[in-house]
Amino acid sequence: MIARDDLAAVGVSVVEEGDGLRLTPPSAAALARAVAVVRAYRLPLHVRGSGDAPANAPPGGVLFDLGSLDRIASVDAAAGIARVEAGCSVEALESAVRRSGCTLGPLLPSVRAGSVGAWLAGPTRGERGVPGARRQTAALTVSAVLPDGRIAEGRASPSKAVGPDLDQLALGGGGRLCIVAAAWIRLFPATLAMPSAWRFPDVAAAIGALERLCEHRLAPARARIRAGPDGATLGMVWEGILSASIERDRAARVLRESCTPAPEVPPNFVREPPDGHPVEVDARWSSLRAWSAHGDLILFGLHGGGAFAVLSLPEAAAAEQCAALARAASARVIAPRRLRDAGPGWEAAGAGPAWDRLVHALGVPP
Amino acid sequence: MGEHAGVTGRLPSATALGKALQREIAALEIVASCESADLWAASRDCSPSALLWTKARVVPHAPDVVAWPESAEQVAALVRLAGQRRIPLVPVGGGTGMGGGAVPVHGGIVLDTKRLVCPLRIGAARGTVDVGAGTNGKRLDELLAKERLTLGHAPPSLRTATVGGWLATRSAGLLSTRYGAVADMVLALTAVDGSGEILRTLEGPSAGPDLAKLLLGSEGTLAIFTEARLRVWRRPREWWLRAVRFGSLREALAAVREVLRSGLRPHIARLHDPLDTLFAGTDPLRVPQPLKWLAEGAQAEALRLALRAPLLLNRLVDALPASSLVVLGFEGETEDDTAEEGEAALSICRKERGEDLGAAPAEWWLASIHRAPWRQAPLFAAGAFVETLDVATTWQRAEPLYQAVRRATAGLALVRAHFAHAAPEGCAIEISLVGLAGASAAEIAGGSRDDAEADLEKALENREAAWSAALAAAADEGATISHHSGVGAARQAFLHRELGEGMRQLRALKQAFDPHGILNPGKVLP
């Protein structure tokens, strides 16, 4: 196989896997060189550790395994920024930044179990909750390998207006338009979480309370709603050096009008794992209310429009059943991968022709 | 050129192409004009270059025709017409841009969006507003205020800019530390791409790259925005404001950074460099006379004399006490709420040796802030130019960036700056360069046309020298060259330094969304 020799010559590890090749580049530069070779041979390409791609090489094609791109180049705790390669696991990054007094904040379990590249290129686009009931991508900017093997390096800045935001081609793109090789990641200061728990007549009422907190810009960093025989329990935690206790107390003022505190609920209630075989969704508040008759929720990235949620059924039902109920509630299932919804893309927005032209103009391989 | 008008000089006349286009556009039931006054008004924005054209009474970039579509469908029809004829189509909102982004450098059709004002639909329960791209910013703010809501977007151009202009440039306003930039407020967009397709991005979960976020900031080169759904919030009842003075810029920067890192969310966090602090009037020191001329634009002769020696002026500033003023603001439902956060922020400032000056200087500052852009007119009329950069970087690099730009431009213009749009990771630096442009407006009016054109050439040269030196220094320091003003025509020469190989992605996007190359040609991409 000529491609194999050429690929080995650019410094990547090449292993035959089924009908294809698995490539493990040791650096972003090697990844870029290998992408150029793959493009020259017009081979089908998948990326492991960069979002939506399956875990195996496509027949007659190549799978890039970014597992060796796992270096954490720097952690600047004062500014709250880390430079990290895409193959680094989110858990490893969290451990490293914790040592510097920082954290990535509460994240969906599937995100935490994956790589930084998968997080950014995957269905959450690297987004997470930030104070003020907003959602924001964790990436200040990314280094992306283009289909022709060149590396586009963004500038780390809190915000920018230099034409369209090119990082958006990588975020949520599943490695299709470019491959995330590294990123500047925003960090929060690690602080003690401030917990609070409340009782409601049912799960829907608890969801309504969370929506109300978002309207007041008092969204917790993480929340859990559990149905019980006497109603529903809502547990929440706020994070932030000075802001956590302020926001928790203000949230209590808002909630006291319509529900009662539950001081007996243990502080780790919010962190307990879900029951059975849960699914993770990206959902609007209306979808979460529609789900409320079925089971429990753990919520992340709460914002004015909705939240990421881990949905679980009270008994050990199959994840497929959970996913079917979530879809019936118009939530988009994002994990586990085998159940992931494709979701509406550019075609649904009327931009299908623009997508086709973009793929062609970028020289994306088939 | 048409008849002479006192302020404008000779107005542009209708071209044969313009008249033909006007007929074709009218056949689409879209209002269009080739009137000289309309062509003149559509030939400029608020960039320093355009202000210098106005002073010299020249019109270097008149369009052929101006059109006012009233719906997305009419915009699509206009785009298809321009595409068939390969005519440039330049969307314009309020015309308040400062980078030449809305100047029709290749003539053609100016698409004025101000009639894209579908009735406002406020979803108070959902916290959303549907708004036409041509809606005036101040009008939107007033309508939301009636419902006790706010967008939280208050750029200096609020009174004149349109929503579409904000979207096209990824605008950021005074309250961005709490509410984010306009890109953080967008839930969904309607836009027309260069092939005439109407795009309606989805609100809520979607797959693949975020189309709305990709189109934002494209400055009319990929698509023309016609409507947006934006997130709105309860309008706070109370504000808390404080001015805090620090002995050095470094201490002030450290304090603001720590306030943001603590999780507090001020709605205002503005830090002034020593000269800006002096002009803010909170310092016991009086402003030395040469600098006062520069602040007020009075006494044109004396001002031009002072600007002949910018290095000396900057050294005079260096010799002044180096205090830095920080204005902090918090908003909330009750006085107790705002004071609680404010006092927490003050405790951080005190650790960095900040001196609480109380609320009065901050309130004076807030009352005067929106007047600042209009104070530039007397300076231009007096024979100066004022350029404003908005560069951005991380906290670690903020002070070196500021110093690098000062060093690079010290011999070309007087430099003053403030640090704004603070985020936990960094901030923007808005740097004003005041330099010598040439003769005063009165002298130009009394002189010959040749003299005016020679003066303009020299003025543009001086401006370009200071501007390029500043942007080069910012690019060398690894900063982004525009935090919220866009690229337009003014920053094009430095775009490749910012984007590197990303220029290929930019070109691909242009091919994908504007296959005929008609949308705002000559902007963003060189």
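Read-outs throughout are calculated quantities, based only on the coordinates presented, and are distinct from any laboratory measurement. Treat the numbers as computed from the prediction; the structure is a model and nothing was measured. Here the Cβ is made from the backbone with ideal geometry for all residues, glycine too, and neighbour counts use every protein chain on show.
Listed values, structure above:
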item	result
Compactness index (Cα Rg / 2.2 N^0.38 Å), segment A:194-339	0.98
Three principal axis lengths of chain A [C-alpha, angstrom, descending]	70, 45, 36
Under 20 Å from B:K138, Cα to Cα: lysines that are on another chain or at least 8 residues apart	B:K114, B:K146
Two-decimal Rg to Rh for segment A:72-189 - Kirkwood Rh, Cα set	0.94
Cα-Cα pairs of chain B separated by more than 32 Å (percent)	45
Length gained when the stretch A:A324-A:A262 is fully extended (0.36 nm per residue, less Cα-Cα span)	19.1 nm
Exercise: per-residue mean of other protein chain Cβ atoms within 10 Å, A:241-248	5
In Å, descending, principal axis extents of the Cα set of segment B:395-438	42, 17, 9
Residue of A:A190, A:A316, A:A326 that the Gaussian network model of chain A assigns the largest fluctuation, springs spanning Cα pairs under 10 Å	A:A316
Distance in nm between pseudo-label sites at B:V31 and A:A96 (7 Å out along the Cβ direction from Cα)	5.9
Zero-based 20 Å bins, Cα pair distances in the protein assembly as shown, whole percents	15, 46, 33, 6, 0
Peptide B:263-269 - average C-beta neighbours from other chains (10 Å radius)	4
Proxy reagent accessibility, fewest Cβ within 10 Å first, across A:H303, B:H106, B:H483, B:H421	B:H106, A:H303, B:H421, B:H483
Pairwise FRET efficiency - A:A113 versus A:D148, Cβ, R0 = 30 Å, nearest 0.05	0.40
Student exercise, segment B:1-81 dipole from Lys, Arg, Asp, Glu Cβ charges, in Debye to nearest 20	400
Likely footprinting exposure, B:S485, A:S74, A:S330, fewest C-beta neighbours within 10 Å first	A:S74, A:S330, B:S485
Inter-chain shielding of A:206-215 (mean C-beta neighbours from other protein chains, 10 Å cut-off)	1
Sorted peptide list for B:487-495, B:319-327, criterion being average Cβ within 10 angstrom, highest first	B:487-495, B:319-327
Rg and Dmax [Cα atoms of segment A:2-68; Å; Rg one decimal, Dmax integer]	10.3, 29
Principal axis dimensions, segment B:121-234 - Cα atoms, whole angstrom, descending	38, 29, 25
Mean residue ellipticity (222 nm) of the protein assembly as shown, computed from DSSP H runs ≥ 4 via -39,500 (n - 2.57), nearest 500	-10000 deg cm²/dmol
Centre separation in Å (Cα based) which lies between segment B:414-444 and segment A:53-98	40
Between segment A:330-366 and segment A:203-256, the alpha-carbon center distance in angstrom	34
Ranked B:T480, B:T128, criterion: other C-beta atoms within 10 Å, fewest first	B:T128, B:T480
Residue-by-residue Karplus 3J(HN,Hα) for segment B:232-243, coefficients 6.51, -1.76, 1.60, Hz, glycine and proline x	10, 10, 4, 7, x, 8, 10, 10, 10, 10, 8, 9
Pairwise centroid distance, computed over Cα atoms, of segment B:12-82 with segment B:456-526, Å	24
Rg/Rh for segment B:4-114, where both radii come from Cα atoms and Rh is the Kirkwood radius	0.97
Estimated dipole of chain B in Debye, rounded to 20 [Cβ of Lys and Arg +1, of Asp and Glu -1, Cα centre]	300
Most fluctuating residue given options A:A348, A:A328, A:A227, as computed from a GNM of chain A linking Cα atoms under 10 Å	A:A348
Listed residues A:S95, A:S292, A:S115, most fluctuating in chain A (Gaussian network, C-alpha, under 10 Å)	A:S95
